[in-house]
Structures are given as structure tokens and as C-alpha cells.
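The values are calculated or read from the model by the stated rules, or taken from the named source; none is laboratory data. Just so it is clear, the structure is predicted and the values come from calculations on it, not from any experiment. Methodologically, a virtual Cβ is constructed for each residue, glycine included, from the backbone with ideal geometry; neighbour enumeration extends over all protein chains shown. These area figures cover heavy atoms from the full protein model, side chains too; ligands, DNA and RNA do not enter into them. Shrake-Rupley method; radii C 1.70, N 1.55, O 1.52, S 1.80 Å.
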Amino acid sequence: MDSVLLSRMLFGTSMAFHIIFATLGVGLSLMILFAEILHWVRKDSDYGVMAKRWTKGFAILLGVGIPSGTIVGVMLSLLWPGFMEIVGKVIAVPFQIEIFAFFLEAVFMSIYVYAADRLSNLMRLISVTTVALGAAASAYLINIAHSWMNTPRGFSITDGVVTDVDPWAAVLNPSMPYTSKHVLATAFMTGAFVLVSIAAYRLLRETGSDHERAYHKKGLMLALVVALLASLYTATNGHSTAGMLHEEMPLKLAAAEGLFETQANAPLAIMGVPDIETETVVGGIEIPGMLSWLATGSTEGVVQGLNDFPQDEWPPLFVHTLFNVMVGIGFSLIGIAGLALAWIVLFRKRNALPTWLLLVLVTTGPMSMLAIEMGWIFSCVGRQPWTIYGVQLTSAAATQSGNVGILFFLFISLYVMLLVLTGLVLRFYFLRNPVQKDLGVINGEAF
Amino acid sequence: MMTEPYVAIFIIWIFLFVYAIAGSIDFGAGFWAMFYSNKQTQASILANRYLSPSWEVTNVFLVLLVIAIVGFFPGAAYYMGTLMILPFSFVLILITIRSAFMVFSFTVKSYTKPLVIISGISGLLIPALMIAILPMAIGGFIGSGGDQQYILFNKLLASPTLYTHIGFGLTTELYLSSLLLSDYARESGSEKVYAVYRKNAIILGPVTLFFAVMALLTLIPQAPWMVETMIDMWYLFALSLVAAFIGYSALWWPSKHKKRGRARLAVIFTILQFGMASFGYGYSHMPYILYPELTITDAFTDPTMFRWLLYGYAGGLAILVPAFILFWWLFMKDKRYLQADAEKNKY
């Protein structure tokens with residue numbers, strides 16, 4: 001294997017690993033903030049317990065998220081020196097401010113976790129707000145750099161030298177308004193759905209006191225509301241993103257939809273496999289005119305197909321599947337969250353959600369995370385063969401070191417070990433400290 | 001009037017210096033926590049109490065440093081990605097394992113034993129790997145075949161400069177962390193632990209100085225271009241030596257506490273010493289980032305970007321400094337944290 005492919009595999013795996021922890025870091029910190037606010041407003045100590053327990057999980061995940069973020073941050077320079085050379089000259093500002101946001105998050109996280117018992121209520125709320133803001137801001141900023149890779153602006157290259165740098169034009173690139181919001185909304189959504197899964201799982205087990213069940217129901221309700229709002233926003237934002245792709249990256253849109261011929265009244269292909277020989281999507285469902293309508297707002301709109309572009313610039317066509325899985329999960333989750341909330345409101349008198357619905361709810365967290373991974377792979381593989389779309393080929397960005405193979409092996413082992421250990425630690429901690437212990441302790445003391 | 005690349009490299013030096021100090025103390029505390037885990041548990045607990053809240057913040061400084069280098073000197077990215085990929089990757093792997101165990105052991109007690117060992121060993125390995133980058137950058141260890149460049153590891157490993165640098169890095173780390181922990185012990189009101197770390201500092205001070213002189217001596221054949229500037233700046237190194245002696249002697253000055261020695265002053269003067277010496281070292285390194293391949297002018301970023309980055313750093317620091325002050329007060333000053341008994345601290 002050549003070092004470009006190895007570099008892609010190593011960086012891709014590192015991102016896939018980091019994104020789990022980064023997403024939960026952004027999503028959970030917002031949920032902790034909401035729990036703290038409810039604790040404050042409703043004077044209900046259950047929400048205080050909730051915030052404390054979520055924080056515990058969050059702190060464990062952050063213990064892996066901070067170093068894995070350090071890895072991808074440093075690895076960018078190690079594996080993609082050619083890319084970082086242009087980044088440093090054109091889009092360094094968001095990277096730099098991102099670090100400060102990350103700093104704020106780390107400082108106030110330490111304060112919130114290690115000094116919680118010495119803080120006043122107001123100070124605690126300020127700390128956790130800063131953590132949530134820092135996490136969200138750093139995700140927002142770093143994804144400005146990601147959006148710039150898809151629609152690069154703010155510089156020109158003459159004879160291989162970067163000139164006419166305009167940092168603002170680079171920041172305000174055409175996909176910037178969509179990408180960062182999409183990443184943030186899906187992170188909020190995933191953080192909430194993971195908590196939905198946990199609460200539903202606890203309610204399924206039918207054990208524990210009434211107080212415990214009431215506690216889990218409050219958690220489920222809060223998480224469901226946030227999850228539904230965030231996933232609804234994600235859908236509208238995703239729709240605008242399709243319009244942006246149509247304008248700025250028609251090739252990526254064509255690959256995502258498996259559209260070969262440029263046409264008006266273009267059909268939307270759901271699932272199926274794009275086939276280069278027959279230039280059709282085999283085995284999918286086609287909705288006539290739908291793609292034109294989604295991309296341009298009218299079924300008469302013309303959508304460019306793959307054949308408009310030289311074949312050596314096509315991304316791999318399996319991105320169609322990634323894209324479909326992502327969108328499919330997104331819509332299913334809206335449906336599930338909507339149904340569960342409607343059920344809770346309509347059948348208020350009944351004490352419990354039916355088992356089948358709880359079982360479905362348990363799957364939402366992992367599904368949401370899967371959609372995030374699919375989305376990232378789609379966005380980055382769908383940009384191939386470019387690292388900076390239309391400007392720098394991935395092969396020109398990569399390191400020329402011959403050692404990437406051994407590093408790949410080392411880092412994969414590291415990630416596997418950490419995933420296993422994180423799982424064990426989370427399990428061990430929450431088995432040792434069941435919720436009734438926290439509920440008992442806090443109700444027993446003056447809190 | 002300093003030119004733009006010099007302003008940029010000056011900022012990088014500040015970040016590097018802050019990280020070197022904070023990292024030394026952080027990694028050193030990890031080592032001491034291991035060293036004393038069986039014999040002097042109080043000394044070990046104190047080191048851990050310092051470490052728990054501070055490592056995350058120290059860690060972010062490392063990212064800041066790398067991002068600042070890429071932002072100000074994007075041309076250096078190529079050399080990081082080819083020449084430095086192995087040492088950097090090993091550092092990353094070690095840091096990740098260490099950080100993860102730091103959090104795991106805070107959560108689950110049975111991880112405390114492995115953590116203490118991991119953070120103790122990595123507390124020596126990580127700084128050794130990091131400091132090994134310095135001799136690589138002074139030139140003479142880079143070979144090329146075809147259009148590829150690589151580190152001549154055989155030559156590097158056979159070079160005394162590498163070992164004097166590593167020796168200097170490690171003894172400095174342990175000396176600095178001993179000084180700071182003795183000050184921290186005193187702040188916590190534990191004279192017994194203070195005495196333990198003071199004794200370490202007394203032993204390590206002269207060893208550090210020995211390695212500093214050896215590192216300079218081995219530079220003479222390896223990097224004559226640096227030594228010339230160093231001789232021109234002899235007064236800076238002389239001042240640094242004076243600061244070193246003041247700092248060291250402060251360990252015997254009378255104090256209002258039970259035992260003698262002014263730990264706070266020793267810390268301050270020693271940091272001053274390293275500030276001057278590292279500035280002198282860095283200045284002698286100019287204009288090369290990597291001798292003789294890359295100068296700061298070659299690697300410098302776009303001038304427009306440079307200006308925006310300056311605004312960014314000014315704004316960012318204006319927000320961060322108050323946060324750091326709060327952080328410092330809560331964990332370095334507040335008696336409720338400093339004197340919490342070991343059990344409660346683990347909650």
C-alpha cells in the first residue's frame with residue numbers, strides 16, 4: 001500500500017475514533033447545562049443528581065476526547081504537511097480561536113468537576129455554561145476549516161505559491177453557514193439520543209423504586225425533547241445543505257445521489273447501488289422529480305450528473321450508500337422521538353411506555369452515532385480525490401514518510417484498547433454507584 | 001525594530017517556554033507520585049492532588065503550541081510531517097494513555113495502581129522524546145535519498161549531544177517539579193512533605209547544572225554556528241547562572257515556617273534562570289528552525305494572516321487570563337482544596 005492510502009486510513013480511523021468522544025462532549029455538556037437549569041428552576045434535586053451523573057460520564061469521555069483531539073490536531077501536521085502549509089496561510093484563524101475555546105472548556109471542566117463542592121450554585125451554573133459554550137464553539141470553529149476544504153475561498157495560487165490571502169473570505173466560504181450548524185445540531189441530537197437510550201434501557205429493566213423510575217422518566221423526557229428539536233433542525237439544515245451542494249459541489253451531490261446524466265426532473269434514488277456499466281442505480285426506489293425539487297426547489301430544475309465531469313475526479317460511488325444511511329437514520333429518529341413524545345403526552349394516565357417502544361428507544365443513541373460516522377465518511381470520501389476541493393489533491397497533501405504503516409498499527413491498537421477500557425470504566429463506575437445511592441444520599445442531606 | 005518572523009518566533013518561544021515549565025512540573029509530579037507511592041504516601045498524594053486538575057490544561061498548551069507553529073510557520077509543517085513523524089507519534093500515544101488513565105483512576109479506584117506506574121514512566125519518556133527534537137533541529141542528523149529526507153537515527157543515537165540534551169531535560173523536569181511541589185506542600189501546610197521535596201531539589205540542583213554545561217559543551221563540535229551567537233550573548237547566560245545560584249541558595253534562606261528555605265523564591269528564580277537560558281538558546285538558533293534546511297523567513301506565513309493571528313492571540317488571552325487566575329486560586333491557593341484529606345479528594 002502506498003503512503004497516501006495509509007495516511008488516509010490512519011487519519012480516517014483517528015477521526016472516526018475522535019468524533020465519538022467529540023460529539024458526546026458537545027452533546028452531553030449541553031444536556032448537563034439543561035439539567036442544572038431544571039434543578040435550579042424546578043427546585044427538584046433529581047435534576048441535580050442527573051447533572052452529577054451525566055457529568056461523571058462526560059468527564060470520563062472527555063478524558064479520552066482531549067487526548068484524541070490532541071492526536072488529530074497534531075496528526076494533521078504530521079500526515080498532511082502539504083495541506084497544513086496552505087491551511088497555515090489561509091485558514092489558520094479558526095484553528096487558533098478554536099484552541100482558546102478548547103482551553104475555556106478544559107479550564108472550566110476542571111473547575112466544575114474538581115471544585116464542585118466549593119462552588120456556589122451560581123458559579124457552578126456559570127462553569128457548566130462555559131463548558132458547554134466552549135465545547136460548542138470549538139466544534140463550530142473547527143468545522144469552519146472543514147467547510148473551507150469543501151468550498152475553498154480567500155486565496156489564489158500562482159506558480160505553487162499562495163497569494164492574495166483574505167482570511168475573512170476564507171472563513172465566510174459558501175458552505176460555512178451550513179456545515180458547522182449541521183455538525184453542532186447533530187452533536188446535540190446524538191448526545192440527547194444517547195441519554196434517551198440509557199434512560200429507556202433503565203426503564204425496561206422494571207427494577208428499582210418508584211423514585212428511581214420517576215428519575216429515569218424525567219431524564220427520558222428532557223432528552224427526548226432536546227433530541228426531537230435538534231433532529232428537526234438537522235433535517236431542515238440538511239435540506240439547505242443539498243441546495244448548497246447543488247450550487248458549489250455538483251459532483252459531490254451527483255455521487256451522493258448516484259445520478260449519471262444531467263437532467264431536469266431528476267429522480268431521487270433511495271438505496272440501491274450505482275452501476276457504472278449501465279449508468280443507473282440498481283435495486284433502489286426512484287421518486288421522479290424529487291431530486292430536482294430538493295436541490296433547486298422545482299421539479300423542472302436541472303441537476304448535473306456524474307457524466308459532466310472527468311471520471312478521474314469522481315469520488316468512489318459507494319458514498320451513495322453512506323449518504324442514504326445517514327439521511328435514513330435521521331428521518332427515522334425524528335419519527336421515533338415524535339412518536340415517543342406523542343405517546344407520553346397522549347397516554348399520560350398510563351404509568352409506563354410499552355416495552356416495544358422502549359426497545360426502539362434503546363437503539364436511538366447508537367443509530368444517531370452511526371449516522372454521524374456515515375456523514376463524516378461521506379463528507380470526506382465524497383471530496384476525493386481532493387483534500388482542498390479543486391485546489392490540492394490528496395496525494396499532494398500527504399506525508400512522504402515511509403513509516404506510516406507501523407504507526408497505523410500502533411494507533412489502531414491504542415484506539416481499540418481505549419474503547420474497551422472506556423467501556424469498562426463507565427460500566428464499573430455506574431454499577432458501583434447505582435442511581436438509588438445518589439438519590440438517597442442527596443435526599444438525606446441538606447442539598 | 002523586530003521583523004515579523006522574529007515577532008512570530010518570539011511568541012512561539014513564549015508558548016514553548018510556558019509549556020516546558022508547565023509540562024516539566026506536570027510530568028515530574030507524575031514521576032514523583034510513582035516514586036513515593038510506597039514509601040512516602042503523603043508526598044505521593046500531594047503530587048497527585050496537584051496533577052488531577054492541571055493536566056488537562058497543560059495538555060491543551062501542547063495543542064496551542066503546535067497550532068501556533070503551523071499558523072505562524074506553515075512551512076515547518078512539511079518537516080514535522082516527514083522528519084518528526086516518529087517521535088511526535090510516540091509522544092501522542094504516550095500522552096493519550098497517560099491522560100486516559102488519569103481520568104480512569106479518578107473514577108475507579110482499582111485503576112490507581114496502573115495509573116501511578118503509567119504516569120510515572122511516561123513522565124520520564126514523554127519529556128525525553130520531546131527534548132530529543134532539539135538536537136535533531138541543530139543539523140547534521142538529516143540524510144536524503146532520492147527526493148526523500150529522513151533522520152539518521154544511527155548517527156543521532158551515537159551522538160553525545162542527544163544524551164546531554166535528554167539528561168538536561170530530565171534533571172530539569174525533576175528539579176523544577178521538586179521545587180514547585182515543595183512550595184505546594186508548604187502552601188498546603190505540610191512541612192513534612194516540604195522537607196521531602198526540598199531534599200530532592202538540593203540533590204538535583206547541581207546535577208541539572210552539570211547537564212546544562214555538558215549540553216553546551218557538546219554543542220561546540222555539533223553546532224558551531226549556534227555557539228558563535230552564544231558567545232556574543234554571554235551576559236544573558238551569566239545572568240541566568242546568577243539566577244540559578246540565587247534560586248538554589250533560597251532553599252537555605254530563613255523562613256517564618258518550621259523548616260528553613262524559601263520555596264516560592266526558589267521556584268521564581270529557577271524559572272527566571274530557564275527563561276533567560278532558553279531565550280539565549282533559542283536566539284542562538286536563529287534564523288534557523290531546522291539547520292541548515294529551513295529558516296524562519298522561508299517558513300513564515302502570509303503577512304495578512306500574521307496580522308489576524310496576532311489579533312486572535314490578543315483576544316484569546318484577554319479571555320483566558322482571568323480564567324487562569326480563577327483556576328490558580330481554586331487549586332493552588334484555596335485551603336479547602338489543599339488540605340482536603342486524601343479520601344475526600346477522591347470522591
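Report, in whole Å, the centroid distance computed from the Cα atoms of segment A:415-440 and segment A:337-411. Cα centroid of segment A:415-440 versus Cα centroid of segment A:337-411: 23 Å apart.
Only protein heavy atoms count here; on that basis, with a 1.4 Å probe, A:Trp356 has an accessible area of about 130 Å². How fast does segment A:188-236 diffuse by Stokes-Einstein, in µm²/s, taking the Kirkwood radius from C-alpha pairs at 20 °C and 1.002 mPa s? The Stokes-Einstein estimate is 193 µm²/s. In chain A, helical runs assigned H by DSSP with n ≥ 4 each contribute -39500 (n - 2.57); averaged across all residues and rounded to the nearest 500, the mean residue ellipticity at 222 nm is -25000 deg cm²/dmol. When the P(r) is computed for segment B:191-276, the part past 14 Å accounts for 69% of the Cα-Cα pairs. Its Cα gyration tensor gives segment B:221-345 an equivalent ellipsoid. The semi-axes, each the square root of 5 times an eigenvalue, are 37, 27, 12 Å from largest down. Calculated on the Cα set of segment A:81-173, radius of gyration then Dmax: 17.7, 60 Å.
In the protein assembly as shown, one over the average inverse separation of all distinct C-alpha pairs is 28.3 Å, which is the Kirkwood hydrodynamic radius.
Here is how the number arises for chain B: DSSP H runs of 4 or more residues each give -39500 (n - 2.57), the sum is divided by the residue count, and the result at 222 nm is -26000 deg cm²/dmol.
Pull out a ≥ b ≥ c, the square roots of the eigenvalues of the alpha-carbon gyration tensor of segment B:85-138, then state rounded if a/c is under 1.5, prolate if not and a/b is larger than b/c, and oblate in the remaining case. Note, shape of segment B:85-138 comes out prolate.
3J(HN,Hα) couplings calculated from phi for segment B:160-169 with the Karplus curve 6.51 cos²θ - 1.76 cosθ + 1.60 (θ = phi - 60°) are, in sequence order, x, 4, 4, 6, 5, 5, 5, x, 4, x Hz; Gly and Pro show x. For chain A, a Kirkwood hydrodynamic radius built from all Cα pairs, placed in the Stokes-Einstein relation at 20 °C and 1.002 mPa s, yields a translational diffusion coefficient of 91 µm²/s.
Between A:Ala235 and A:Glu261, how many nm apart are label points set 7 Å from Cα along the C-beta direction? A separation of 3.2 nm, rounded to one decimal place. Farthest toward the positive end of the dipole of the protein assembly as shown, out of A:Gly27, A:Ile71, B:Phe104, is the Cα of B:Phe104, where the dipole comes from beta carbon charges about the Cα centre.
In a fully extended conformation the segment linking B:Ile117 and B:Leu156 would gain 11.1 nm over its present Cα-Cα distance, using 0.36 nm per residue. Modelled this way, with points 7 Å down the Cα-to-C-beta line, the labels at A:Val273 and B:Asn38 are 6.1 nm from one another. Once the trypsin sites (Lys or Arg not before Pro) in DSSP loops with at most 13 neighbouring Cβ atoms within 10 Å are cut out of chain B, the longest remaining piece is B:40-255.
Spin-label model, B:Ile220 to B:Phe17: label points 7 Å out along the Cα-to-beta-carbon direction sit 2.8 nm apart. The slack in the chain from A:Leu424 to A:Leu357, taken as 0.36 nm per residue of separation less the alpha-carbon distance, amounts to 21.3 nm. Shielding of peptide B:308-318 by partners, expressed as the average count of other chain Cβ atoms within 10 Å per residue Cβ, is 4. Return the whole-Å distance between the Cα centroid of segment B:273-305 and the Cα centroid of segment B:200-215. Centre-to-centre (Cα) distance: 26 Å.
Charge dipole of the protein assembly as shown (Cα centre as origin; +1 on each Lys and Arg Cβ, -1 on each Asp and Glu Cβ, all else neutral): 4540 debye, rounded to the nearest 20. Expressed per residue, the C-alpha convex hull volume of segment B:1-63 stands at 77 Å³. Inverting the pair-averaged 1/r between distinct Cα atoms of segment A:1-139 gives 16.4 Å as its Kirkwood hydrodynamic radius. P(r) tail, chain B: Cα-Cα pairs separated by more than 30 Å, 39% of all pairs.
Considered as an equivalent ellipsoid built on the Cα gyration tensor, segment B:142-219 has semi-axes of 38, 14, 7 Å, the largest given first.
Of A:Ile377, A:Leu306, A:His39, which is farthest on the positive side of the dipole of chain A, counting Cα position, with +1 on Lys and Arg Cβ, -1 on Asp and Glu Cβ, and the Cα centre as origin? Result: A:His39, furthest along the dipole toward the positive end. The mean count of C-beta atoms from other chains within 10 Å of the C-beta of residues in B:102-114, rounded to a whole number, is 5. For segment B:4-345, a simple Cβ point-charge model (Lys and Arg +1, Asp and Glu -1, everything else neutral) yields a dipole of about 1800 debye relative to the Cα centre. Note on A:Glu257: accessible area approximately 10 square angstrom, rounded to 10, probe 1.4 Å, nucleic acids and ligands left out. Per-residue shielding of A:416-425, expressed as the average number of other chain Cβ atoms within 10 Å of the residue Cβ, stands at 3.
One equal scatterer on each Cα of segment A:367-447, no solvent, Debye formula: the resulting log10 I(q)/I(0) at q = 0.12, 0.20, 0.21, 0.22 Å⁻¹ is -0.69, -1.09, -1.11, -1.12. Checking the a/c ratio against 1.5 first, then a/b against b/c, what shape does the Cα gyration tensor give for segment B:65-208? Here segment B:65-208 falls in the prolate category. If R0 is taken as 41 Å, the Cβ-Cβ distance between A:Val41 and A:Ile287 corresponds to a FRET efficiency of 0.35.
With a threshold of 20 Å on the Cα-Cα distance, the over-threshold entries among A:Lys52/A:Lys181; B:Lys113/B:Lys192; A:Lys56/A:Lys218 are A:Lys52/A:Lys181; B:Lys113/B:Lys192.
Could you work out the percent of alpha carbon pairs in segment A:233-382 separated by over 20 Å, rounded to a whole number? Within segment A:233-382, distances greater than 20 Å cover 53 percent of Cα pairs.
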